[in-house]
Amino acid sequence: MLDAGCGTGEHTLLAARRGLDATGIDASRRAIDIAKQKAIASGVQARFIVGDALALADLNEQFDTVLDSGLFHVFDDEKR
């Protein structure tokens, strides 16, 4: 499962707690650092990547599910 624009990782960690192989991506290094610390503190296995959620093909991976919780609505139609 991929959480695009994961911020500090709440939805990514929720998915991981439910047993999913969860990855979060966000452009904010600070947000990803916080997400990683939350994962460590709670003992949850999740992967967090600093990257561009509008360039997901660059990950060269496939995901069964992609979650967007408040990301794409901030972009104009052209960027979407």
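Of note:
- Loop-resident sites, the chain, for GluC sites (Glu not before Pro), counting at most 11 other Cβ within 10 Å (DSSP): GLU61, GLU78
- Accessible area, probe 1.4 Å, largest first, for residues SER28, SER69: SER69, SER28
- Across the range 41-46, coupling constants 3J(HN,Hα) worked out from phi with the 6.51/-1.76/1.60 Karplus curve, θ = phi - 60°, read 4, 9, x, 9, 8, 8 Hz, and Gly and Pro carry x.
- Expressed as a whole percent, the accessible surface of the chain that belongs to carbon and sulfur atoms is 46, based on a 1.4 Å probe.
- Average Cα contact separation per residue, the chain, under 8 Å, 6 or more apart, as relative contact order %: 36
- Accessible area per residue in Å² at 1.4 Å probe, computed on the chain: 65
- Dividing the helix sum by the residues of the chain, where each DSSP H run of 4 or more adds -39500 (n - 2.57), gives a mean residue ellipticity at 222 nm of -8500 deg cm²/dmol.
- Karplus-derived 3J(HN,Hα), 6.51/-1.76/1.60, for each residue of the range 68-77, Hz, glycine and proline x: 10, 10, x, 9, 5, 5, 7, 9, 6, 4
- The amide H of VAL66, built 1.01 Å from its N in the peptide plane, has LEU2 as neighbours under 5 Å, considering only residues 5 or more places off or on other chains.
- For ARG17, solvent-accessible area (1.4 Å; no DNA, RNA or ligand), Å²: 140
The values are calculated or read from the model by the stated rules, or taken from the named source; none is laboratory data. Bear in mind the structure is a predicted one, so any value in this text is a computation, not a measurement. Glycine also receives a Cβ, built like all others from the backbone with ideal geometry; neighbour counts cover every protein chain displayed. Protein only, heavy atoms only, side chains kept; ligands, DNA and RNA dropped before computing areas. Shrake-Rupley method; radii C 1.70, N 1.55, O 1.52, S 1.80 Å.
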